[in-house]
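First comes the structure, then the notes that go with it.
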């Protein structure tokens, strides 16, 4: 029925490898120019990347996977760009790439393969019954975070800077997919465009949703709350096909934004910085203004990978990685990178649209929305288009746990895009 | 291995490789985007909401991208952002507004001011306080002064016209501002500053043949990287450039101008210089020779110079003679010469891209009465000049009567300002000034083989010690260097200023500014 995509995937990944190798070479050479030293350490992550590509291709072939190879290609390309930025940011400073920066990538690739294996082909059927366990697992993660978590730079982490709250997103998406899949009809009822689902469904949804929301409020993780709500809105829209949910969502988000601003001083600060960054330029506005300075320094063509000065941007390796990237690959490079993201989302939603089973379709929509919402909010925050939300940039930020979970999510989507279903 | 690679990848070479890599990277990335976009899923009917979701997220991404461009590309249209960048951007590689400020060199290409890594506001001044007055400082808090200010647009490489602005967005922006070459010799500048030993004073060293300023020193100096303490020092006023902004009575050095004025008009009289001095007008102080006072101090008697000519009077710096000469000249004659040596002018000594630097205009005295003219003739009274003015009229005497505009910018063309003295006058002046050094008040500077000509000056200051002047040039046959030294409240001209000028002439000779071949012939 469908042409085999295996060779095409390999060819795409070879192209991806070429881009990453070029970027890597550029970083090393720039370093040579300033320090007169040719570091060999950046080769290690490049080797990991080079091993991951054939492994993935062989693994997918063994699974008999026939999905969207373009999606996989973009995942690897974005990961590769993130990898190069990571080498460039952490590697040169101490002269070698620290093992801490090296670990997430191989683990992440493994998580990707695990994800594909879970949902690829007909193997993933059992996941549909995992809705409730996923819900309680998410609550358990929140509980663990509340008990053992430590505040660090506005977020909560477990010892060793592990952030399991990343897991909450796919777990809740799984639960919502299972929950909504059975209630598609109930949530599509409307009156004059306004969604009016039956009271019982509404109450159930609000009650079940309020518990994790309360948890995120207690964790003071506003970014997570924003993402989860945005995902919920997207999933409701997907299941009901009523655009009233989108409008309702926009109203709700604006209202919630003002509400949160009253409750939390942290959120208030972020709003103030967003509206008046120069009022406290050296204090609260410093980070975002340094990020914009980096972009301005990059200009149209960029400084070249390794030739910029992203070390002046605070937290350049995780939340503000886009600023570092923008400085080095320029506005042209940014357009290309955002094109990659755009294609990634379109392909994700497209894969979902082609799935017939309602649960898996919703699951795919939710997972893609996770990536899309995070990307939009991160980039908007770094460019000061929206207030900062403290969200990492999927695939390019190497925050450790966030990279692993993001790769798991993309793995799941890759598996779901398998057309043999 | 590493050395081998180093050999191949010479820094210049690696820049080219980097550029090629950068272009290649963007092309391959673009290719990859196309390939990933093109490898599509089989065409199948899609439900509307999934297409819409894709569009919504794509739309918001590109809306953010559009907003990003207003900072990344159009940041220069945001004044507040530009101000922030100028202040807090710590990048060295920089865009037009925050580009690396260009360096300032001396005449031999030695660095006088250069950008420093770390901040666009940081600047390195190898001579530090020795050259702070001509160079000025460049400070975020206290502003920009002197040459740094007058060359602002050249040094900072500011882009002003819209065409190059558009170019700067599309292409890489200006990397570094232009450079300025000064006529200063950093070695002479440093030596002169050291010789002043923090005394309040100034030194001007000039080439009379083209007006180039080899040194322009004011003392005390201050650290250009931190002008704050100097700005608060109201007593020593280190911020004040005494060489061009100071106004002092020229004292006996002005006898050069008066003698020149008389000689221009063909007057070279012999006057009786009695010990009792000269009374220029009723109700005014008697003008006496300095020997009268020193004899008085030693309780001896001063017999006066008797009947002397101009040469003798110049040699011994006779106030009695010159006050009579001044009184004998008409007001117009004196004013004409004084205007011709630019006493009443703000002499421009630096033409920069953003403005000129000028010295202060001297104070022209009234020349109506005999007393006024007599006072003027001995450089007292209302007559005030800056050390640069003194250097200028000395240079005119040295250079066959022609005065070249003093210049600090090596790129400025040589320009003849005026002809204060006739060639014959200038020749006579030269011979007289040589006598001063040979057997007169300037004997201390009669350096072997240099044929120094000079004039001491001791300017009376009410209520304080006299200002000490010495202005000279060398060699006699074809003067190549003019040295003017002023030491505030230094006392007698020969005591404080002359030794400084002597050391500077020796230094200039050592550095080759006085040509040996001519000296040997003499």
Residues (buried (at least 24 other Cβ atoms within 10 Å of the Cβ), in a loop (DSSP other than H, G, I, E, B) and more than 17 Å from the chain's Cα centre (by Cα)) located in the range B:363-395: B:378, B:379, B:383
Test: residue in the range B:175-192 that is surrounded by 24 or more Cβ atoms within 10 Å (Cβ to Cβ), out of contact with any helix residue (DSSP H, G or I) (no Cβ under 7 Å at 6 or more places or on another chain) and not in a strand (DSSP E or B): yes
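To keep it simple, each residue is scored yes or no on (1) crowded, with 24+ Cβ neighbours inside 10 Å; (2) modelled with pLDDT of 65 or more.
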| residue | (1), (2) |
| --- | --- |
| A:73 | yes, yes |
| A:81 | yes, yes |
| A:89 | no, yes |
| A:94 | no, no |
| A:101 | no, yes |
| A:107 | no, yes |
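Taking residue A:312 as the residue in question, decide whether it is surrounded by fewer than 24 Cβ atoms within 10 Å (Cβ to Cβ), without any contact (Cβ under 8 Å) to a residue 40 or more places away in the chain and either more than 7 Å from chain B (Cβ to nearest Cβ) or closer than 29 Å to residue A:276 by Cβ (or both). First the steps, then the outcome.
Details: surrounded by fewer than 24 Cβ atoms within 10 Å (Cβ to Cβ): yes; without any contact (Cβ under 8 Å) to a residue 40 or more places away in the chain: yes; either more than 7 Å from chain B (Cβ to nearest Cβ) or closer than 29 Å to residue A:276 by Cβ (or both): yes.
Criteria met by residue A:312.
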Boolean, residue B:253 is closer than 20 Å to residue B:425 by Cα and touching a strand residue (DSSP E or B) at 6+ places or on another chain (Cβ under 6 Å): yes
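Taking the range A:326-338 on its own, how many of its residues are more than 7 Å from chain B (Cβ to nearest Cβ) and modelled with pLDDT of 90 or more? Break it down stepwise before answering.
First, pick out the residues of the range A:326-338 that are more than 7 Å from chain B (Cβ to nearest Cβ): A:327-330, A:337.
Narrowing the set further to residues that are modelled with pLDDT of 90 or more leaves A:337.
Of the residues in that region, 1 qualify.
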Enumeration of residues in the range B:63-74 that are within 7 Å of another protein chain (Cβ to nearest Cβ) and assigned to a helix (DSSP H, G or I): B:64, B:65, B:67, B:68, B:69, B:71, B:72
Single residue of the range B:134-174 satisfying the filter (in a loop (DSSP other than H, G, I, E, B), out of contact with any helix residue (DSSP H, G or I) (no Cβ under 7 Å at 6 or more places or on another chain) and modelled with pLDDT under 60) that is farthest from residue B:192 (Cα to Cα): B:171
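Here's the yes/no breakdown for (1) at the interface with another protein chain (Cβ under 7 Å from one of its Cβ atoms); (2) modelled with pLDDT of 85 or more; (3) part of a helix (DSSP H, G or I); (4) more than 60 Å from the chain's Cα centre (by Cα):
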| position | (1), (2), (3), (4) |
| --- | --- |
| B:7 | no, no, yes, no |
| B:21 | yes, no, yes, no |
| B:54 | yes, yes, yes, yes |
| B:76 | no, no, yes, no |
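Quick one: count up the residues across the range B:329-362 that are more than 23 Å from the chain's Cα centre (by Cα) and surrounded by fewer than 17 Cβ atoms within 10 Å (Cβ to Cβ).
Pass one, the range B:329-362, residues more than 23 Å from the chain's Cα centre (by Cα): B:329-337.
Subset that is surrounded by fewer than 17 Cβ atoms within 10 Å (Cβ to Cβ): B:330-332, B:336.
Number of matching residues: 4.
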Selection count, the range A:230-246, where residues are at pLDDT below 85 and surrounded by fewer than 23 Cβ atoms within 10 Å (Cβ to Cβ): 6
Of all residues making up the range A:22-44, the number that are more than 7 Å from every other protein chain (Cβ to nearest Cβ), buried (at least 22 other Cβ atoms within 10 Å of the Cβ), at pLDDT 75 or above and within 26 Å of the chain's Cα centre (by Cα): 2
Long-range neighbours under 7 Å by Cβ, at least six apart or interchain, first residue in contact (Cβ under 8 Å) with a residue 60 or more places away in the chain and within 7 Å of chain B (Cβ to nearest Cβ) within the range A:290-302, second surrounded by fewer than 24 Cβ atoms within 10 Å (Cβ to Cβ) and outside any helix (DSSP H, G or I): A:292/A:384
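Which helices (runs of 4 or more DSSP H) sit wholly inside the range B:280-353 and have at least 1 residues that are at pLDDT 85 or above and under 30 Å from residue B:213 (Cβ atoms)? Outline the logic, then answer.
Numbers: elements: B:290-297, B:310-316, B:319-328, B:331-340.
In the range B:280-353, B:310-316, B:319-328, B:331-340 are the helices (runs of 4 or more DSSP H) which contain 1 or more residues that are at pLDDT 85 or above and under 30 Å from residue B:213 (Cβ atoms).
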Those residues of the range A:339-388 which are assigned to a loop (DSSP other than H, G, I, E, B) and either more than 9 Å from chain B (Cβ to nearest Cβ) or surrounded by fewer than 24 Cβ atoms within 10 Å (Cβ to Cβ) (or both), in sequence order: A:355, A:356, A:357, A:384, A:385, A:386, A:387, A:388
Test set (1) surrounded by fewer than 18 Cβ atoms within 10 Å (Cβ to Cβ); (2) modelled with pLDDT of 80 or more - residue A:263 fails condition number: (2)
Residue in the range B:200-223 that is modelled with pLDDT under 90, in a loop (DSSP other than H, G, I, E, B) and out of contact with any helix residue (DSSP H, G or I) (no Cβ under 8 Å at 6 or more places or on another chain) present: no
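If you check B:318, B:294, B:268, which single one turns out to be in contact (Cβ under 8 Å) with a residue 12 or more places away in the chain and surrounded by fewer than 18 Cβ atoms within 10 Å (Cβ to Cβ)? Step through it out loud before you land on a result.
Working: B:318 fails: surrounded by fewer than 18 Cβ atoms within 10 Å (Cβ to Cβ); B:294 fails: in contact (Cβ under 8 Å) with a residue 12 or more places away in the chain.
Result of the check over B:318, B:294, B:268: B:268.
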Residue check for residue A:208: part of a helix (DSSP H, G or I) and within 25 Å of residue A:378 (Cβ to Cβ): no
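Consider residue A:227 carefully, then state whether it is at negative phi, free of Cβ contacts under 8 Å to residues at least 40 places away in the same chain, within 14 Å of chain B (Cβ to nearest Cβ) and crowded, with 19+ Cβ neighbours inside 10 Å.
Working: at negative phi: yes; free of Cβ contacts under 8 Å to residues at least 40 places away in the same chain: no; within 14 Å of chain B (Cβ to nearest Cβ): yes; crowded, with 19+ Cβ neighbours inside 10 Å: yes.
No, not satisfied.
From the list A:238, A:255, exactly one residue is away from chain B (no Cβ under 12 Å), assigned to a helix (DSSP H, G or I) and over 30 Å from residue A:25 (Cα atoms). Which is it? Step through it out loud before you land on a result.
Working: A:238 fails: away from chain B (no Cβ under 12 Å).
Going through A:238, A:255 in turn, the sole match is A:255.
The values are calculated or read from the model by the stated rules, or taken from the named source; none is laboratory data. Being a predicted model, the structure only gives us computed values, none of them experimental. Because the Cβ atoms are built from the backbone with ideal geometry, glycine has one as well, and the counts that use them run over all protein chains shown.
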